1. With N set to the residue count of the stretch 122-184, report its C-alpha Rg divided by 2.2 N^0.38 Å to two decimal places.
2. Can you pull the one-decimal nm distance between simple spin-label points at Lys282 and Ala48, each 7 Å off the Cα toward Cβ?
3. Above 17 angstrom, tally the Cα pairs of the stretch 198-262 and express them as a % of all pairs, no decimals.
4. Tell me the mean residue ellipticity at 222 nm calculated for the chain from its helices only (DSSP H runs of n ≥ 4, each -39500 (n - 2.57), averaged over every residue, nearest 500).
5. Considering only DSSP states other than H, G, I, E and B, which GluC sites (Glu not before Pro) in the stretch 77-151 qualify as loop sites with at most 12 other Cβ atoms within 10 Å?
6. Which residues in the stretch 254-281 place their backbone N less than 13 Å from a point set 7 Å from the Cα of Gln196 along the Cα-to-Cβ direction?
7. Bin width 5 Å, origin at 0, all Cα-Cα pairs of the stretch 243-301: what percent of pairs per bin?
8. With labels modelled as points extended 7 Å from the Cα through the Cβ direction, what inter-label distance (nm, one decimal) is found for Asp57 paired with Arg260?
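Only the coordinates and a few stated rules stand behind these numbers; no lab work does. Just so we're clear, the structure is a prediction, and the values are computed from it rather than from any experiment. Glycine also receives a Cβ, built like all others from the backbone with ideal geometry; neighbour counts cover every protein chain displayed.
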Amino acid sequence: MHERVVITGGAGFIGSAVGAHLLGLGKEVWVIDDLSFGLRELAPVPDARFLRIDIRDRAKVQEAIARIAPSTVLHLAAIHFIPYCNAHPVEAADININGTINVLDACAAAGTVKQVFVASTAAVYPVADGPLNEEHATGPMDIYGITKLAAERIAGEFCLRTGITTIVGRFFNAFGPNETNPHLMPEVQRQVREGQRTLRLGNLDPKRDFIHTSDMARAMEALLGAGISGYEVFNIGRGIEYSVREIVEAFERQLGEPLRIEVDPARVRKVERMHLLADVSKLKRATAWEPQWGIDEGVADLLREPLLEWKDARS
Ligand SMILES: NC(=O)c1ccc[n+]([C@@H]2O[C@H](COP(=O)([O-])OP(=O)(O)OC[C@H]3O[C@@H](n4cnc5c(N)ncnc54)[C@H](O)[C@@H]3O)[C@@H](O)[C@H]2O)c1
C-alpha cells in the first residue's frame, strides 16, 4: 500500500516542492490549503486530493484528516512574510498558533498518524554572528518568529501527550521556483526579467543562509525516513551565508552583464539582523542528506523559470 501523506500549505512555495518530491517517490499525497497565499496549480495533486480548508476551521480540519487517515502529516500552512505578519499580528497568531493546534489535535484524533513534521523557522533564534545550532537559546525578534516558537512548543506538548513522532524543521531562507512571497530572490528575479539593470532593493549587507526548495524537500523526506522517535528539532539550511550584494553578483554571473543597485528607502527594514546562518551538523548526522543546489545553479534556473503573479494579500 502507498504511504498516505497530508501536506498542509501544499499549494505554497515549499509545500509544493516537497509534495512533488514525495509524489515522485510513489507516496499518496493530499493537500490542505486555503489558497490565501498559495496557488492551486502549484499543488501537484488531483482535485480529489486537494482540500481547500482554512486550518483555523477546527471541525473541518478534524473531519478531513480523519477521513484521509494518513500515516504522515507535514504541517507547513502558515503566514510568514514578516512585513505582513507585523501588520496583521492577530491573524498571524491565529493561523500560526491556533491553526497548528487544530492540525495537531486532528492528527491525534485520527488514530492513523505515526509521524508529524512541523515547519518552523530560523526566525526563532536571536541575533547572533556565527552559525546557530539547535541548542542555541531561542529569542525571536518579530511577531512571526514568536508565533512559530509557540508552534514549536505546541508540537513538543503534542508529542508528549500522544507519543507520535514529531519533527520540527527550522527552515532558513528558501529559494527556488514558484516563490509566493516578494522576498529578495524573486524580487531580483522579477526586476532582472523585466529588463532592469539598476535594481531597487532594501538593506544590502544582511547575510542569509539560502537553501534551495528541492534540497529542503529532500531534507524533510530524509528526516521522515530516519527512524526518529519522540520530539526532535533540526535546522534546515545550507550552512553558507550570502549578502544581498553577493546574491546580485550571482545574477550578474549568470546574466553575463553588470547590475547596479540603488537602495530604495521604502524597502529598507527598520529592524534587520545582519546574519542568519545554520549549523546543519545535526541534520547531516541524522541522515545522509547533503545539499545539491548551489547559488549559481539556483539563480541560473530562476532566470529560466516563469514568474508567479504575487497575490495582493502580501502587500
Ligand atoms: N520561505 C521561507 O524562506 C521560509 C523560511 C522559514 C520558514 N518557512 C515556513 O515554511 C512554511 C512554508 O512557507 P512557504 O515559503 O512555502 O510559504 P507560502 O506562503 O508559499 O506557503 C504557505 C501556504 O499555507 C497556506 N495557508 C496560509 N494560511 C492558511 C490557512 N489559514 N489555512 C490553510 N492554508 C493556509 C497558503 O495559502 C500557502 O499555500 C511556513 O510554515 C513558513 O513559516 C518558510
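1. 1.30
2. Distance between the two pseudo-spin positions: 4.1 nm.
3. Values: 1196 of 2080 pairs.
Result for the distance tail: 57 percent.
4. Values: 11 runs with 116 residues, N = 315.
One gets -11000 deg cm²/dmol as the mean residue ellipticity at 222 nm.
5. Qualifying residues, ordered by number: Glu135.
6. In the stretch 254-281, the label zone of Gln196 (backbone N under 13 Å from the point 7 Å along Cα→Cβ) covers 260-268.
7. 4, 13, 16, 17, 17, 17, 10, 6, 2
8. 5.2 nm
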